[in-house]
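J.: Before we start, here is the structure in question, set down as structure tokens.
The values are calculated or read from the model by the stated rules, or taken from the named source; none is laboratory data. Computed from a predicted model, the values in this text were never measured in an experiment. Please note: Cβ atoms are built from the backbone with ideal geometry, for glycine as well, and neighbour counts cover all protein chains shown. Only protein heavy atoms, including side chains, enter the accessible area calculation; ligands, DNA and RNA are left aside. Shrake-Rupley method; radii C 1.70, N 1.55, O 1.52, S 1.80 Å.
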Amino acid sequence: MSDYHEPIDEIGENNRHIVQALNSLREEIEAVDWYHQRVATCKDAHLRDILAHNRDEEIEHACMALEWLRRTMPEWDEHLRTYLFKEGDITELEESAKEEEEEKPSTAKGIGIGNLK
């Protein structure tokens, strides 16, 4: 089964790299899920510690792929900056970000006559 939904010969190299990163991110998230379920149900404390270590390694790998996507696709960067490491209701963060953007002073260049204040 192909990872591509469009003709591969029409997808440029950079976009193929994005597909690779997205697939790797998905696979790492799946691995986190598998290990997490095993940690949650394992009765042997030593094995549970090993499984938790493995799960955490998969989280690290997912974060690395996510960071590559953030650096490569501006849309990832924009949304991650909106939602990550923020306090408050997650579902309201988008609206707060829009309001903050509207409050920012315009960065458009003036007509060159100096500050009118």
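J.: Would you pick out the residues in segment 23-58 that are open to solvent by less than 70 Å² (accessible area, probe 1.4 Å) and within 23 Å of Met73 (Cα to Cα)?
T.: Correct list: Asn23, Ser24, Leu25, Glu28, Glu58.
J.: Taking into account only those residues within segment 67-103 that are touching a residue at least 40 places away in the same chain (Cβ under 8 Å) and either of a type outside the set (A, V, I, L, M, F, W, C) or assigned to a helix (DSSP H, G or I) (or both), which is farthest from Leu22 (Cα to Cα)?
T.: Only one residue fits best here, namely Thr72.
J.: Pairs needed: first member in segment 5-21, more than 15 Å from Met73 (Cβ to Cβ) and without any contact (Cβ under 8 Å) to a residue 60 or more places away in the chain; second member anywhere, assigned to a helix (DSSP H, G or I) and charged (D, E, K, R); C-beta distance under 8 Å; at least 6 residues apart or different chains.
T.: Hits for this filter: Ile8/Arg16.
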